[in-house]
Amino acid sequence: MNLIKQQPKHFVSLDTLTLEEIMGMIEESLRYKQGDMPPLFDGKTVANLFFENSTRTKNSFQMAERHLKIQEIPFDVATSSVTKGETLYDTCKTLEAIGVDALVIRHPEDGYYHELVEKLSIPVLNGGDGSGEHPSQSLLDLVTIYEEYKTFQGLNVAICGDLVHSRVARSNASVLKRLGANVVGCSPESWWDDSMGLVHRDIDDILPDCDVIMLLRVQHERHIMGDIFSKEDYHARFGLTVERVERMKPGAIIMHPAPVNRDVEIAGSLIEHRQSRIFPQMTNGVYARMAILHRALGGQL
């Protein structure tokens, strides 16, 4: 009997998933949050390959793996053969060869995963690629918005800040428009990115009608010298200040992928404001990443 080998369920961009698949993962995430746990994956293994620093993404993937009884195979870039010149593909192929069932990867190169998804027979889960995309962050953002509003259709969403360097903005702009939200961008002109297909608005103009204000971290490490505002200037001109939050639409929510530059993108006193969902986003990240792992390792959503 000839058996057709099932293709691995990579998770590299939400653009590769149907809206039905995305909504299924959102609803699955919320069921996990309510205590409806899936079958566990005893015996399955995952390696987390983080070539850039991470607190939330790496640790929430690790927590999701523990909830699902998946064993993490430790991987440290600094002590791996990467330091000897081994390519990313050869590293991943080695882990596949020794029996790892899935790879979670964050890498500074945009689109690093293209070669991997063509050649590997185990799932690649994108934990962020350079300034490209961040699909797991986008999924947890969708979970947070859907938990609040129970729909995306017709919601007014503003993505505000360092758009040109933000993989979060790129992922969210695309999927939110597909789901029926009205999405605009607010940023300094020099940090604008036409490729996202957004209308440029001023933050002061969108406050009264916006349902979701999604702030972005100023990515100092990706800027060239001379292209950085002072903290005080950026906060006053483009940030969510204490004065601006008073002009927000009642019931609107504040989001931020974190880490937060306090008193730059948002006043420090607003991070735990009653309208802020910044820490609930992190909580939802564990459940969203459980759904991603469940799908990748053979679970049915």
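Do you know which of the residues in segment 21-45 that are under 24 Å from ASP101 (Cβ atoms) and of a type in the set (S, T, N, Q) is surrounded by the fewest Cβ atoms within 10 Å (Cβ to Cβ)?
Across segment 21-45, the extreme among qualifying residues is THR45.
Looking at segment 49-71, which of its residues are over 15 Å from VAL286 (Cα atoms) and in contact (Cβ under 8 Å) with a residue 12 or more places away in the chain?
LEU49, PHE50, PHE51, GLU52, GLN71 - these are the residues of segment 49-71 that are over 15 Å from VAL286 (Cα atoms) and in contact (Cβ under 8 Å) with a residue 12 or more places away in the chain.
Residue under question is GLY132, and the condition is that it be touching a Gly at 6+ places or on another chain (Cβ under 7 Å), free of Cβ contacts under 8 Å to residues at least 40 places away in the same chain, among the small types (Gly, Ala, Ser) and closer than 18 Å to ILE22 by Cβ; does it hold?
Taking the combined requirement at face value, the residue does not satisfy it.
Every residue, every condition in (1) β-branched (Val, Ile, Thr); (2) within 19 Å of LEU179 (Cβ to Cβ), yes or no:
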{"position": "VAL124", "(1), (2)": "yes, no"}
{"position": "ASP129", "(1), (2)": "no, no"}
{"position": "SER138", "(1), (2)": "no, yes"}
{"position": "THR144", "(1), (2)": "yes, yes"}
{"position": "VAL157", "(1), (2)": "yes, yes"}
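State whether the residues of segment 193-203 include one that is assigned to a loop (DSSP other than H, G, I, E, B), more than 22 Å from SER131 (Cβ to Cβ), in contact (Cβ under 8 Å) with a residue 24 or more places away in the chain and not charged (D, E, K, R).
There is no residue in segment 193-203 that is assigned to a loop (DSSP other than H, G, I, E, B), more than 22 Å from SER131 (Cβ to Cβ), in contact (Cβ under 8 Å) with a residue 24 or more places away in the chain and not charged (D, E, K, R).
Of the numbered conditions (1) loosely packed, with under 14 Cβ neighbours inside 10 Å; (2) under 19 Å from HIS256 (Cβ atoms); (3) small (Gly, Ala, Ser), ALA158 satisfies every one except a single condition; which is it?
The single condition ALA158 does not satisfy is (1).
If you take the residues in segment 165-196 that are closer than 14 Å to VAL212 by Cα and among the polar types (S, T, N, Q), which one is surrounded by the fewest Cβ atoms within 10 Å (Cβ to Cβ)?
ASN182
Hey, any hits in segment 13-30 for a residue that's in a loop (DSSP other than H, G, I, E, B), over 20 Å from SER121 (Cα atoms), aliphatic (A, V, I, L, M) and not assigned by TED's automatic domain parsing to the domain that holds ALA181?
no
Do the conditions hold for SER121, that is, is it of a type in the set (S, T, N, Q), assigned by TED's automatic domain parsing to the domain that holds LEU30 and in contact with an Asp or Glu (Cβ under 7 Å, 6 or more places away or on another chain)?
yes
Report yes if GLN153 is at pLDDT 95 or above and surrounded by fewer than 24 Cβ atoms within 10 Å (Cβ to Cβ), otherwise no.
yes
Kindly check whether there is at least one residue in segment 246-259 that is part of a loop (DSSP other than H, G, I, E, B), within 24 Å of HIS165 (Cβ to Cβ) and of a type in the set (Val, Ile, Thr).
no
The values are calculated or read from the model by the stated rules, or taken from the named source; none is laboratory data. What you see is a predicted model, and the numbers here were worked out from it, not measured in a lab. Please note: Cβ atoms are built from the backbone with ideal geometry, for glycine as well, and neighbour counts cover all protein chains shown.
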